Amino acid sequence: MEKPTNYKRFILGITVVATLGGLLFGYDTGVIGGSQLYFTEYFNFSKGEQGWAVSSALYGCLIGALIAGYVSSKYSRKYSLILSGFLFAISAWGSGIPESLTMLVIFRIIGGLGVGIASMTAPMYIAEVAPPKERGRLVSYYQLAIVIGFFVVFLATYIIGGGDTSSLSPEVLEQIHDHNVTRGWRIMFWSELVPALAFFILLFFVPHSPRWLMMRGRKEEAKVVLAKVTSSEEEAEREFSEIQESIDRESKELKITAFSKSMLYVLFIGVTLSILQQVTGINAILYYGAEIFSNALGYGPEDALKQQLLLGAVNLVFTFVAIYQVDKWGRKPLLIVGTIGMFLGIGTLGFSIYLNQLGIISLLGMLTFIASFALSMGPVTWVLLSEIFPNKVRSTAMSVAVAAQWLFNAIVANTFPIINGSETNTNVFNGALPYFIFAGLCIVTVVFVWKFIPETKGKTLEEMDDLWVKEKS
């Protein structure tokens, strides 16, 4: 007997709440893109200090992702997300008050802890409550929320930074710039308090993951949740039986961990995919987009914020395309097509800089790269990470994979301004070296996806075990 469509609204509701963690992920990491133009000048940072201020939060993300596996397993996915919401709020307030690099870094690391915990827990939570046929789309909402977070924060920093300044006199522009250097960047950080508090409060109204409840022996509570997230009593009973069988099977393998021999291949897939998502250049573009527009492409600082808003809009539009195709086309085709597009986009940007032919071609290359990432490596990586690991090791294995993602995110963010400002880049590559490196790593990604990534669309989380047996045989 089919239940009314209320279950779909219920699933969508708890998915939206969980994805607010993704919005804060995007907001917290994106706010640095506009604000760093001004706090770098305010504190008179060197290139190394600038890189540390931008990347410090990412080391917090690394630690947050590592501890999230333990916290979400022992205390639940729900309470893990509530902790992240609390950390977001503390960071949003504290990042706007510092008078030194040390204070700024401390509060950015606190925010990073929240991002790291949410980035591991939110997509896993969504995957564990979503129906198999809709899991790809629903987990992709997490990436959509990240992109919305980037877009909203780019819009916020654009408005806070003065809005459209194209018709203003040099005197007024100077006044706006001075305001942004002294106070504007602080307001940019404080603006995150609104979504952070909303996330924290709403999480108290979502249920626990039924799979976590069953692993904790709370079967009756799990049945109640499953009844709310499935279309019929029969489907709820079938889901309950499949989860129980998976837990019973894994409990017989007492020594199985994320690092067991049988799991190393799957962990290799997750970790490598996470690393490639970062080293192909997306966050260098998002974190330093305003600086790239300002320095490499010749825009003024305030106008660069407007161009950065364009990046956010393109990112948003193409993430919608991925959401509606990931359960139709499948994970693997989207990854391959999208990564080829990333290569063409970042390669075009690199050659336009190398040949000193800056302008519309450079902008189109950057937008092609962003659009292609939004279609592929952005959402599909999160979908795969949330579904490829067995129930018993999902928390730990996903924690390791996401931690690797944040580690290489930090490495890219920290080294980009150094490589970009190096004599080799200036004298030999005319400023294009970082983009050529990213283009080469896009090719590596295409080969990896073609050779190692299986197709997982439409499979239940409990069917993944058999999938990996087939892949390795």
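The values are calculated or read from the model by the stated rules, or taken from the named source; none is laboratory data. This structure is a prediction, so every number in the text was calculated from the model and none was measured. No Cβ is skipped: glycine too gets one built from the backbone with ideal geometry, and neighbour counts run over all protein chains shown. The protein model used for the area step is the full one, side chains on, heavy atoms only, and it has no ligands, DNA or RNA in it. Shrake-Rupley method; radii C 1.70, N 1.55, O 1.52, S 1.80 Å.
With R₀ set to 25 Å, the beta-carbon distance separating Leu264 from Glu455 gives a calculated FRET efficiency near 0.70.
As a fraction of the 1.4 Å probe accessible area of segment 1-88, surface on carbon and sulfur atoms comes out at 66 percent. Taken along its three principal axes, the alpha carbon spread of the chain comes to 70, 44, 40 Å, from the longest extent down to the shortest. In the context of the full protein assembly, Asp178 retains an accessible surface of approximately 80 Å², using a probe radius of 1.4 Å and ignoring ligands and nucleic acids. Listed cross-link partners Lys78/Lys223; Lys8/Lys328; Lys78/Lys332; Lys332/Lys392; Lys392/Lys451; Lys8/Lys392 are compared with a 23 Å cut-off, the Cα-Cα value being larger for Lys78/Lys332; Lys332/Lys392; Lys392/Lys451; Lys8/Lys392.
Computed over protein heavy atoms with a 1.4 angstrom probe, the accessible surface ordering of Trp52, Trp212, largest first, is Trp52, Trp212. When the Cα convex hull of segment 378-458 is projected onto planes of every orientation, the mean area is 6.6 nm².
Put the Cα centre of segment 84-112 next to the Cα centre of segment 136-179 and the gap is 20 Å.
Using 0.36 nm per residue, how much length does the chain from Thr182 to Leu310 gain when fully extended, once their Cα-Cα distance is taken away?
Values: separation 128, 0.36 × 128 = 46.08 nm, distance 2.58 nm.
Residue separation times 0.36 nm, minus the Cα-Cα distance, leaves 43.5 nm.
Leaving ligands, DNA and RNA out of it, report the carbon-plus-sulfur percent of the accessible area of segment 372-459 at a 1.4 Å probe.
On the way: 1890 of 2770 Å².
So the carbon and sulfur contribution to the accessible surface is 68 percent.
Approximating the spin labels as points 7 Å out from Cα along Cα→Cβ, the Val444-to-Ser241 distance works out to 4.7 nm. When the chain is described by a simple charge dipole with +1 on each Lys and Arg Cβ and -1 on each Asp and Glu Cβ, the residue from Ile159, Ala145, Met366 located farthest towards its positive end is Ala145. Within the chain, which DSSP H helices have Cα atoms that stretch 18 Å or more along the helix axis and a mean Kyte-Doolittle hydropathy of at least 1.0? Those that pass (Cα extent of 18 Å or more, hydropathy at least 1.0) are 101-129, 135-160, 261-279, 331-354, 360-375, 433-452.
Report relative contact order for the chain in percent, whole number only (criteria: Cα-Cα under 8 Å, sequence separation at least 6). Kindly include the intermediate steps, with their values, before the conclusion.
Values: 811 pairs, mean separation 117.5, N = 473.
The value is 25 percent.
The alpha carbons of segment 85-210 give a radius of gyration and a Dmax of 18.2, 60 Å, in that order. Accessible-area rank, largest first, for Thr29, Thr348: Thr348, Thr29, with all protein chains present and a 1.4 angstrom probe. The value given for segment 106-172 is a Kirkwood hydrodynamic radius of 14.9 Å, derived from the mean inverse Cα-Cα separation.
Just to confirm, what accessible area per residue do you get for the chain at 1.4 Å probe, in whole Å²? Write down the numbers at each step before the final one.
Numbers: 18050 Å² over 473 residues.
So the chain comes to 38 Å² accessible per residue, rounded to a whole number.
To put it simply, the accessible area of segment 92-219 at a 1.4 Å probe is 69 percent carbon and sulfur.
Work out how much length Ile90 to Val194 would gain on full extension: take 0.36 nm times their residue separation and subtract the Cα-Cα distance, in nm to one decimal.
Roughly 36.3 nm would be gained on extension.
Kindly provide the helix-only [θ] at 222 nm of the chain, computed as the sum of -39,500 (n - 2.57) over DSSP H runs of four or more divided by all residues, to the nearest 500 deg cm²/dmol? Intermediate results must be reported in sequence, preceding the final value.
Details: 21 runs with 368 residues, N = 473.
Here the helix-only value at 222 nm equals -26000 deg cm²/dmol.
With charges only on Cβ, +1 for K and R and -1 for D and E, what is the dipole size of the chain about its Cα centre, in debye, rounded to 20? Could the numbers behind the result be given before it?
Details: 35 positive and 36 negative charges, 244 e Å.
In total the dipole reaches around 1180 debye.
Hey, could you get me the Stokes-Einstein D for segment 61-120, Kirkwood radius over alpha-carbon pairs, 4 °C and 1.567 mPa s, rounded to whole µm² s⁻¹? For the chosen part, D equals 114 µm²/s.
Sketch the reach of a paramagnetic label on Lys74 as a point 7 Å from Cα along Cα-to-Cβ, and name the residues of segment 201-231 whose backbone nitrogen lies under 12 Å away. No residues fall inside that zone. Quick check: the distance between the Cα centres of segment 419-445 and segment 317-384, to the nearest angstrom? Cα centroid to Cα centroid, the span is 18 Å. Per the Debye calculation on segment 16-109 with a single equal scatterer at every Cα and no solvent contribution, log₁₀ I(q)/I(0) for q = 0.13, 0.16, 0.19 Å⁻¹ amounts to -0.48, -0.69, -0.91.
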